[in-house]
Each structure stands twice: as structure tokens, then as C-alpha cells.
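The values are calculated or read from the model by the stated rules, or taken from the named source; none is laboratory data. These numbers were taken from a predicted model, which means no experiment stands behind them. Please note: Cβ atoms are built from the backbone with ideal geometry, for glycine as well, and neighbour counts cover all protein chains shown.
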């Protein structure tokens, strides 16, 4: 994965963020719905970091994965990661968020 941002430093952050991205992707690549707490339990990574890595997966430079979210209750969301659509195919329906 490629990372950027005002506070990003490759020497300091590159290895850690790459490792986080790998473990989050490995857990989520099956397309199952999971909350941040569930992903955190499986990966041993902080929920805020997981949320950031899920956002990274959406970026074109990181594969344009479809990261869908669904509201459960009490401020809790669940997420799933799906493969990107073929570049010549558009989504027919918007996913409710």
C-alpha cells in the first residue's frame, strides 16, 4: 500500500502501516460483515487504525476496493471489503449508508 499525508513519515510509519494494512486486508478479504471491535479483536490493532486502513483500501492507488458500511445501532457500524468493480462497469445501485 501507498500512504501519504502531512504527518506521514516513511521511515517512522511505513513498516507499521503496511503491516496493519496486510492484517486488516487478510481478515476482511472474505467479504464478511464485521464491526471495528470485531476486526480489532482478530487483528490486535486499534479500532482507529483499522478505520484508517479501511479508508486506504478505497483509494485508487491501493486497489479501489469496495469498503461497504452498514449502521447497526448505538453508533456502531459494520464493514465489509469487496473486490473492486471492473474498470468498465459502474455500480447500478448505491449502497445505503
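Within the stretch 6-40, count every residue that is assigned to a loop (DSSP other than H, G, I, E, B) and either closer than 29 Å to residue 74 by Cα or out of contact with any helix residue (DSSP H, G or I) (no Cβ under 9 Å at 6 or more places or on another chain) (or both).
To start, the set of residues in the stretch 6-40 that are assigned to a loop (DSSP other than H, G, I, E, B) comprises 6-9, 29-33.
Then drop every residue that is not either closer than 29 Å to residue 74 by Cα or out of contact with any helix residue (DSSP H, G or I) (no Cβ under 9 Å at 6 or more places or on another chain) (or both), which leaves 6, 9, 29-33.
Final tally of qualifying residues: 7.
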Condition (residue is touching a residue at least 60 places away in the same chain (Cβ under 8 Å), on the phi < 0 side of the Ramachandran plot and surrounded by 15 or more Cβ atoms within 10 Å (Cβ to Cβ)) applied to the stretch 59-68: is it met by at least one residue? yes
Some residue of the stretch 36-50 being touching a strand residue (DSSP E or B) at 6+ places or on another chain (Cβ under 6 Å) and either closer than 18 Å to residue 82 by Cβ or surrounded by 14 or more Cβ atoms within 10 Å (Cβ to Cβ) (or both): no
Can you find even one residue in the stretch 55-63 that is in a loop (DSSP other than H, G, I, E, B), modelled with pLDDT under 95 and in contact with a helix residue (DSSP H, G or I) (Cβ under 9 Å, 6 or more places away or on another chain)? yes
Taking the stretch 26-68 as the region of interest, how many residues are more than 21 Å from residue 3 (Cβ to Cβ) and over 10 Å from the mean Cα position of the chain (by Cα)? 10
